[in-house]
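Here's the structure we're looking at; comments come further down.
The values are calculated or read from the model by the stated rules, or taken from the named source; none is laboratory data. Nothing here was measured: the structure is a model prediction, and the numbers come from that model. As a convention, Cβ positions derive from the backbone with ideal geometry for all residues, glycine included, and neighbour counts pool all protein chains shown. Each accessible area value is taken on the protein alone, full model and side chains, heavy atoms only, with ligands, DNA and RNA left out. Shrake-Rupley method; radii C 1.70, N 1.55, O 1.52, S 1.80 Å.
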Amino acid sequence: MDFAAGSCRPGHHTELPQRCMRQVGRVLGKVARAEWYAFAALGILTAFLSFLMDLGVAKMLRAHQWLYTSLEGGGLLQFLCWTLYPASLCALSASFSHNICPSSAGSGVPEVRTMLAGVDMPHCLTLTNLFAKFLGLTCTLAAGSTVFLGKVGPFVHLSTMLGAHLRDLCVLVRGDNKGEANGEMLVVASAVGVASCFGAPISGVLFSVELMCSHFALSDYCPCFFSAACGALTFRLLAVWSGERETLQALFKTNFQDSLPFYPLEMLVFALLGLLCGALSFSYLFCHRWILRFTKTNRSLIQMLSREKGLYSAAVTFLLASLTFPQSAGQYMASKYTMKQLLSSMLDAQHWGSQGQNSSLELEHASWSEWAPSGSPFCFSLAFFLLMKLWMLVLACTLPVPAGYFMPVFIYGAAIGRLVGEGLVYVSPTRDHSGQELAPVNPGGYALAGAAAFSGAVTHTLSPALLALELTGQFTHAAPVLLATLLANALARSRQRLSFYDAISISKRLPHLPSLLKACPRLSSATLEKVLGPIGPVLESASGLMEVRQVINTSAQPEIPVVDSLDSQILLGSVQRSDLLKLLSPNQAHGVLSMFAADTLFVTQGGRLAGTVTRPEASGG
């Protein structure tokens, strides 16, 4: 009977797992705090999800390429295959995200910034949102370079969702609600999201410092680096274990020469490239802000985006795919390349014009062969790519699907740098004054600097400079890459211009203070006198019970200011209204006891018995 009574005790089945978790927490706590295990688990889980997504996307892209190749000879069938495949995937992504969790669409970075600023947004951290964003993002990426969207932003959001649930697990293990990692877990997660996408832990932490947090606590550095390193190491180990790579190496391994990576005079060209990227970012950000306003003001588009998200996504993707069809304009945009192949081809250290000049077989197998279709000039293809992808990317940003926008602008900047580098190769001399042959200019270095500078100008961050170096392992170009990124940022930030994510925050009406200041620059010069209200009731330091009762009866403020005297109005501090009510409670009890001539008073709170007060206690005896 004793055992049966114990097993049927209310809440027993829920208390047993909690006791087990607390016991596990005590054992693990002898080695390290529970939060550190959560930080490691966060990095490992996010990297596993990133690798799993990359694996699935790669298989779906190969399936599309195989189907397109197998239909060779049938122009109409190839066109339908090229256009309907990504259109169907984007329609599925939009419909799935809308029906399962509407907040899963978009990048997620503005929402994460808002949460880190202290705004509670629990609907953005649910498991349903995580599931919808993961599958929706997989479909979006499987549409390929036709849609030209990435995964960095959504993975920052996915990592934040994992971090929120691991934070709750830590609270359960500790058995309290006062964990030190409750706030820092989300900060750590924002750094892990970048590290797990590229295997770049240092730039991931810098990204979190620059973009995600208005105020970054020094105590968050160690957890951020630890978790980001766990995520980056896991991501690279999974690539080795799967047979994709032979050893741990950079994601985009380049072949730049180390003996003479660039000439000193080239620093001037890198500086001009940074200024060019900063200037071109104006055009992109202007078009982006315009399309955001248009989607919020055009009634027809508002109705379609609210009711027919799948249809809108399919129509826009079909248009983009039609323009990138390899047998039409797509042949001048290297449309057969995936996002990774596009970036790899632009980072090639060799001058494109010097390869394959004497052998068509070399040209066919060159890493840049798609940039020179039918022997046409590759510079024309690069220029056409830059012109078309500018407005195509802006249009793709209106798709209501989970998608990232950092990698597209990173590749776009690489194309700018590649075009500048190839032009420099064309005009630079091959021999010095003494007739000695000079080392050739490396166009891939300009592509690397352009990628960092343009993406940094668009996002108003410097972390892309470090990310470019970690992605390629080319730290010999650290100085020119940083110089180009600094100058691009200086130009992009002038006159309080909005960054890409600031514009989205304002468009979604998300409360983010830096966005508010950039949207209304006059706020920085506004004075408090314009918003000050009346002072209201105050208490003197020598106030008695009568004054306290009068303030309580005349004011509903949760905090009452306390001054030295009413004449001086020198602020000493404040007192909570609840504390003043507790101060008055014994006096009120004394009045009730006297009124009813009672010796004991039963006190209730919300209808429940809270305690008793006797006459001696109320009298202070």
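Scanning for something polar (S, T, N, Q), at pLDDT 90 or above and open to solvent by less than 10 Å² (accessible area, probe 1.4 Å), does region 482-492 turn up at least one residue? Working first, answer last.
From region 482-492, those polar (S, T, N, Q) are 485, 489; that's our starting set.
Right, trim to at pLDDT 90 or above and you get 485, 489.
Subsequent filtering for residues that are open to solvent by less than 10 Å² (accessible area, probe 1.4 Å) retains 485, 489.
Scanning region 482-492, I find at least one residue that is polar (S, T, N, Q), at pLDDT 90 or above and open to solvent by less than 10 Å² (accessible area, probe 1.4 Å), so the answer is yes.
Restricting region 190-217 to residues that are of a type in the set (G, A, S) and more than 24 Å from T472 (Cα to Cα), which is modelled with the highest pLDDT?
Kept after step one, since they are of a type in the set (G, A, S), are these residues of region 190-217: 190-191, 193, 195-196, 199-200, 203-204, 208, 214, 217.
Retained after the next criterion (residues that are more than 24 Å from T472 (Cα to Cα)): 214, 217.
Numbers: S214: 65, A217: 76.
If we take residues in region 190-217 being of a type in the set (G, A, S) and more than 24 Å from T472 (Cα to Cα), then A217 is modelled with the highest pLDDT.
Out of region 147-179, which residues are modelled with pLDDT under 90, open to solvent by less than 20 Å² (accessible area, probe 1.4 Å) and more than 19 Å from the chain's Cα centre (by Cα)?
C170, G179
Of the conditions (1) surrounded by 21 or more Cβ atoms within 10 Å (Cβ to Cβ); (2) more than 30 Å from K59 (Cβ to Cβ), F207 satisfies every one except a single condition; which number is it?
Evaluating F207 over (1) surrounded by 21 or more Cβ atoms within 10 Å (Cβ to Cβ); (2) more than 30 Å from K59 (Cβ to Cβ) leaves (2) as the failure.
Please verify whether M212 is of a type outside the set (D, E) and closer than 26 Å to A38 by Cα, treating the condition exactly as stated.
On the way: of a type outside the set (D, E): yes; closer than 26 Å to A38 by Cα: yes.
Judged against the criteria, M212 is a match.
Of (1) at pLDDT 85 or above; (2) within 18 Å of S335 (Cβ to Cβ); (3) open to solvent by 10 Å² or more (accessible area, probe 1.4 Å), M392 satisfies all except one. Which?
Of everything listed in (1) at pLDDT 85 or above; (2) within 18 Å of S335 (Cβ to Cβ); (3) open to solvent by 10 Å² or more (accessible area, probe 1.4 Å), M392 misses just condition (3).
When residues of region 90-124 are filtered for being surrounded by 24 or more Cβ atoms within 10 Å (Cβ to Cβ) and over 25 Å from V316 (Cβ atoms), how many remain?
Qualifying residue count, region 90-124: 2.
Quick one: is I302 at pLDDT 90 or above, among the aliphatic types (A, V, I, L, M) and part of a helix (DSSP H, G or I)?
On the way: at pLDDT 90 or above: no; among the aliphatic types (A, V, I, L, M): yes; part of a helix (DSSP H, G or I): yes.
Taking the combined requirement at face value, the residue does not satisfy it.
Within the set of pairs 6 or more residues apart or between chains, which connect a residue that is surrounded by 13 or more Cβ atoms within 10 Å (Cβ to Cβ) inside region 277-298 to a residue that is at pLDDT 90 or above and of a type in the set (F, W, Y) with Cβ atoms less than 7 Å apart?
Partner pairs satisfying both residue conditions: C277/F454; L280/F454; S281/F454; C287/W391.
Would you confirm, using the coordinates I've provided, whether C224 is modelled with pLDDT of 85 or more, out of contact with any Phe, Trp or Tyr (no Cβ under 8 Å at 6 or more places or on another chain) and surrounded by 18 or more Cβ atoms within 10 Å (Cβ to Cβ)? So that I can check it myself, show each step before the final result.
Working: modelled with pLDDT of 85 or more: yes; out of contact with any Phe, Trp or Tyr (no Cβ under 8 Å at 6 or more places or on another chain): yes; surrounded by 18 or more Cβ atoms within 10 Å (Cβ to Cβ): yes.
Taking the combined requirement at face value, the residue satisfies it.
When the residues of region 364-382 are filtered to those that are open to solvent by less than 50 Å² (accessible area, probe 1.4 Å) and not in a loop (DSSP other than H, G, I, E, B), which remaining residue is modelled with the highest pLDDT? Full working, then the answer.
Residues of region 364-382 open to solvent by less than 50 Å² (accessible area, probe 1.4 Å): 366, 368-369, 371-373, 376, 378, 381-382.
Narrowing further to those that are not in a loop (DSSP other than H, G, I, E, B): 369, 371, 373, 378, 381-382.
Working: S369: 74, W371: 78, P373: 73, F378: 79, S381: 86, L382: 89.
Top of the filtered list is L382.
Would it be correct to say that V592 is modelled with pLDDT of 70 or more and either open to solvent by less than 30 Å² (accessible area, probe 1.4 Å) or among the hydrophobic types (A, V, I, L, M, F, W, C) (or both)?
Working: modelled with pLDDT of 70 or more: no; either open to solvent by less than 30 Å² (accessible area, probe 1.4 Å) or among the hydrophobic types (A, V, I, L, M, F, W, C) (or both): yes.
In short, no.
Residues in region 60-82: is at least one over 21 Å from the mean Cα position of the chain (by Cα), in contact (Cβ under 8 Å) with a residue 60 or more places away in the chain, surrounded by 14 or more Cβ atoms within 10 Å (Cβ to Cβ) and within 28 Å of L162 (Cβ to Cβ)?
Yes; the residues of region 60-82 include at least one that is over 21 Å from the mean Cα position of the chain (by Cα), in contact (Cβ under 8 Å) with a residue 60 or more places away in the chain, surrounded by 14 or more Cβ atoms within 10 Å (Cβ to Cβ) and within 28 Å of L162 (Cβ to Cβ).
Considering only region 200-226, state which residues are aliphatic (A, V, I, L, M) and not in a helix (DSSP H, G or I). Before you say what the answer is, go through the steps one by one.
Residues of region 200-226 aliphatic (A, V, I, L, M): 200, 202, 205-206, 209, 211-212, 217-218.
Correct list: A200, A217.
Please work out which residue is farthest from A383 (Cα to Cα), limiting yourself to region 452-481 and to residues that are in contact with a Lys or Arg (Cβ under 9 Å, 6 or more places away or on another chain) and at pLDDT 90 or above.
Taking the candidates together, the pick is H460.
Return the residue satisfying two criteria in turn: it lies in region 250-276 and is of a type in the set (A, V, I, L, M, F, W, C) and not in a helix (DSSP H, G or I), and of such residues it is most open to solvent (accessible area, probe 1.4 Å). Walk me through it before giving the result.
At the first step, the residues of region 250-276 found to be of a type in the set (A, V, I, L, M, F, W, C) are 250-252, 256, 260, 262, 265, 267-273, 275-276.
If we keep only those that are not in a helix (DSSP H, G or I) too, we end up with 250-252, 256, 260, 262, 265.
Values: A250: 11, L251: 28, F252: 14, F256: 14, L260: 62, F262: 39, L265: 149 Å².
Here the residue is L265.
Inside region 83-120, can you point out the residues that are part of a loop (DSSP other than H, G, I, E, B) and in contact (Cβ under 8 Å) with a residue 24 or more places away in the chain? Spell out the reasoning first.
Filtering region 83-120 for residues part of a loop (DSSP other than H, G, I, E, B) gives 101, 105, 107-108, 117-120.
Answer for region 83-120, where residues must be part of a loop (DSSP other than H, G, I, E, B) and in contact (Cβ under 8 Å) with a residue 24 or more places away in the chain: C101, A105, S107, G108, A117, V119.
For region 317-331, give me each residue that is in a helix (DSSP H, G or I) and crowded, with 21+ Cβ neighbours inside 10 Å. Explain how you work it out, then say what you get.
Of all residues in region 317-331, those in a helix (DSSP H, G or I) come to 317-323, 329-331.
Of everything in region 317-331, those that are in a helix (DSSP H, G or I) and crowded, with 21+ Cβ neighbours inside 10 Å turn out to be T317, L320, A321, G330.
If I go through region 227-249 residue by residue, how many of them are in contact with a Lys or Arg (Cβ under 9 Å, 6 or more places away or on another chain) and either assigned to a helix (DSSP H, G or I) or open to solvent by less than 50 Å² (accessible area, probe 1.4 Å) (or both)?
2
Assess whether T138 counts as being open to solvent by 10 Å² or more (accessible area, probe 1.4 Å), at pLDDT 90 or above and more than 16 Å from the chain's Cα centre (by Cα).
yes
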